[in-house]
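The values are calculated or read from the model by the stated rules, or taken from the named source; none is laboratory data. Just so it is clear, the structure is predicted and the values come from calculations on it, not from any experiment. So basically every Cβ, Gly included, is an ideal-geometry build from the backbone, and we count neighbours across all protein chains shown. Note: areas computed on protein heavy atoms with side chains; ligands, DNA, RNA excluded. Shrake-Rupley method; radii C 1.70, N 1.55, O 1.52, S 1.80 Å.
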Amino acid sequence: MAPHPVTGEVMTERERLRGVVELGVLTEQVGMDVFAVGEHHDGPYVTSSPTVILGHLAARTTRLRLSTAVTVLTTLDPVRVAEDFATLSQLSDGRVDLMIGKGVSWRTFPMFGRDPQDQDALLEENHLLLRKLWRETDLEWSGRYRTPLRRVTILPRPYSEPPVMWHGAVRSPATAETAARYGEPLFLNNLFGPLEHFGALADHYRRAWAAHGRNPQDAVLGAGGQLHIARRSQDAVAGFRPYHSALIASRGGFPTPNGLEREMAGTTLTVGSPQQVVEAVLSFRERYGHQRQLFALDMPGMPYSEVSEQIELFGAEVLPHLRQATGPARGALSGASSAGGEDGLSPQLTERAL
């Protein structure tokens, strides 16, 4: 639980968790389409159980698409994951996505009895087993990292169809290869990374998609980024700067003059007015050609009242312009994600919202 960078105030765990849920409800109310919750098992995060949070949100919403960002499939039992998300799928009438990834903290692996050196092989094996558990009954299976399965049928079965499984990628072209091989969506899990690095991953994914005999126009991509919005651009920059400085310090660095502005120029960090946000999202889409845009809206220590104001402003003055500019498209499109990378909320736009 991170303190506010100016006041030092720290929210309680109860306030933090209830705030995530209320922000999800607000996301639907302002017209966005997706709300995603990240998974973390060490501080300062409290979202260790995203399926519980999303289950609560399923009961509070009617059309909002519910997602993770990401589910750390390297450290979890695929049977348990299959059951949890099939249950969530049933309770939400199929309004659930799953984004899988390796995770960002090596400290998580020993908590679950795993070796971080095995993360690539673990993700590959667990991904394939999860696919089978949702699609097959009386499953016979054996692998390297868990006991064999004999005539296993998970219950409940997923609602209508298995949840959409996204692959979250930060660095690895292998993740893009896997997503393309199985015809599954790729999410460029980018908060502060260089634009061109993730553009290269997007290009690699489409080439791999075509290499597997698929139409590149059918490839489904998502992209991340950090967002801070205010009616005036100078207010947005001034409001975000303390959080940005605290984040740099937490990583062992030192804030530098114009460091925030340099990041804004070279990454998907977007800080500005509604019109500037519209222009930024459309420029990202021109580079990536993606259908889902996820922005983290809060930062560690940010009060939920401040996050709520941003969601409302985004819904009122950004979302209509994005939808007008891009028109209708496949799938669920706009929404929000909590604790995706910094234990925070992220409006997640997909193509109808873009």
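Quick notes on this structure:
- Restricting segment 62-84 to residues that are more than 20 Å from residue 123 (Cβ to Cβ) and assigned to a loop (DSSP other than H, G, I, E, B) leaves a set whose member that is least open to solvent (accessible area, probe 1.4 Å) is 64.
- Qualifying residue in segment 5-20 (condition: touching a strand residue (DSSP E or B) at 6+ places or on another chain (Cβ under 6 Å), touching a residue at least 40 places away in the same chain (Cβ under 8 Å) and of a type outside the set (Phe, Trp, Tyr)): yes
- Tallying residues that are closer than 28 Å to residue 38 by Cα and either within 27 Å of the chain's Cα centre (by Cα) or open to solvent by less than 70 Å² (accessible area, probe 1.4 Å) (or both) within segment 139-149 yields 3.
- Leading residue by the ranking (surrounded by the fewest Cβ atoms within 10 Å (Cβ to Cβ)) among those in segment 155-193 that are acidic (Asp, Glu) and modelled with pLDDT of 95 or more: 184
- For segment 22-41, filtering for residues that are open to solvent by less than 10 Å² (accessible area, probe 1.4 Å), within 19 Å of residue 87 (Cβ to Cβ) and touching a helix residue (DSSP H, G or I) at 6+ places or on another chain (Cβ under 7 Å) leaves 3.
- Number of the condition not met by residue 152 [criteria: (1) more than 20 Å from the chain's Cα centre (by Cα); (2) buried (at least 19 other Cβ atoms within 10 Å of the Cβ); (3) of a type in the set (Val, Ile, Thr)]: (2)
Condition check ((1) open to solvent by 40 Å² or more (accessible area, probe 1.4 Å); (2) in contact with an Asp or Glu (Cβ under 8 Å, 6 or more places away or on another chain); (3) part of a helix (DSSP H, G or I)) across all residues:
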position	(1), (2), (3)
3	yes, yes, no
43	yes, no, no
86	no, no, yes
93	yes, no, no
98	no, no, no
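- Taking segment 287-354 and the strands (runs of 3 or more DSSP E) fully enclosed by it, the elements with 2 or more residues that are at pLDDT below 70 and open to solvent by less than 10 Å² (accessible area, probe 1.4 Å) are at 334-338, 347-350.
- Flag for residue 27 being within 16 Å of the chain's Cα centre (by Cα), of a type outside the set (Phe, Trp, Tyr) and under 17 Å from residue 64 (Cα atoms): yes
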